[in-house]
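Contents: one structure, followed by commentary.
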Amino acid sequence: MPVIHTHVSTPLTAENREHLKTAYGKAITAVPGKSEGWLMCPFESDMPIYFGGDDSQPAAYVEVNVFGSSVPKSAWEKLTHAIMAALNSELEIPEDRIYIRYTATTDWGWNGGNF
């Protein structure tokens, strides 16, 4: 049950979303037991994002949430590399203007109930 929620200051085309979704689908396998089969990828574009008080350059904030009680730090590190590389390649967002927040929780609802 992973979710990779991407907020970017740049416009996103359907093609951009498709490329990012594909990259995220491959990247999520760095987290033990996770796959693209349950991956949800909401995208928000054209958001004003100030980084260090400046919004003149593209920026991104990404939230990664997974069902589980813990994730090895090495998995998060692999995911960071893959997500930042995808955003830089697809949208030319510099890696030093991207924040990624990770959360693992056992409180997760789906299909009318909770796990």
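The values are calculated or read from the model by the stated rules, or taken from the named source; none is laboratory data. These numbers were taken from a predicted model, which means no experiment stands behind them. Please note: Cβ atoms are built from the backbone with ideal geometry, for glycine as well, and neighbour counts cover all protein chains shown. These accessible areas exclude ligands, DNA and RNA; they are computed on the full protein's heavy atoms, side chains included. Shrake-Rupley method; radii C 1.70, N 1.55, O 1.52, S 1.80 Å.
Under the rule of -39500 (n - 2.57) per DSSP H run of 4 or more residues, summed and divided by the residues of the chain, what mean residue ellipticity at 222 nm is obtained, to the nearest 500 deg cm²/dmol?
On the way: 2 runs with 33 residues, N = 115.
Result for the chain, helices only: -9500 deg cm²/dmol.
The distance linking region 36-115 with region 2-35 is 8 Å (Cα centroid to Cα centroid, whole angstrom). If you take all other residues with their beta carbon under 15 Å from the beta carbon of T29, and give Lys and Arg +1 and Asp and Glu -1, the sum is +2. Excluding G52 itself, what net charge comes from residues whose Cβ is under 15 Å from its Cβ, given Lys and Arg +1 and Asp and Glu -1? Around G52, the charge tally is -3.
Taking Cα atoms only, the orientation of helix 73-91 departs from the longest principal axis of the chain by about 40 degrees.
Electrostatic tally near R17: other residues with Cβ closer than 12 Å to its Cβ, Lys and Arg +1, Asp and Glu -1, net -3. Compared with the dominant Cα axis of the chain, that is its longest principal axis, helix 14-27 is turned about 50°. The residue list W110, T10, I83 was ranked by how far each Cα lies along the charge dipole of the chain toward its positive end, using unit charges on Cβ atoms, and W110 comes out on top. Over region 2-110, Cα pairs under 8 Å with separation of 6+ residues give a relative contact order of 36 percent.
Can you send over the carbon and sulfur percentage of the accessible area for region 2-110, probe radius 1.4 Å, protein chains only? The partial results should precede the final answer.
Details: 3070 of 6020 Å².
Summing carbon and sulfur atoms, their accessible area is 51 percent of the total for region 2-110.
Can you give the charge dipole size of region 2-110 about its Cα centre, rounded to the nearest 20 debye, using +1 on the beta carbon of Lys and Arg and -1 on the beta carbon of Asp and Glu? Display every interim value, and only then the final one.
Details: 8 positive and 14 negative charges, 101 e Å.
Using only the charged Cβ atoms, the result is roughly 480 debye.
Counting other Cβ atoms within 10 Å of each Cβ, which chymotrypsin sites (Phe, Trp or Tyr not before Pro) in region 36-93 have at most 15 and sit in a DSSP loop?
Working: sites: W38, F43, Y50, F51, Y61, F67, W76; in loops: Y50.
Filter output for region 36-93: Y50.
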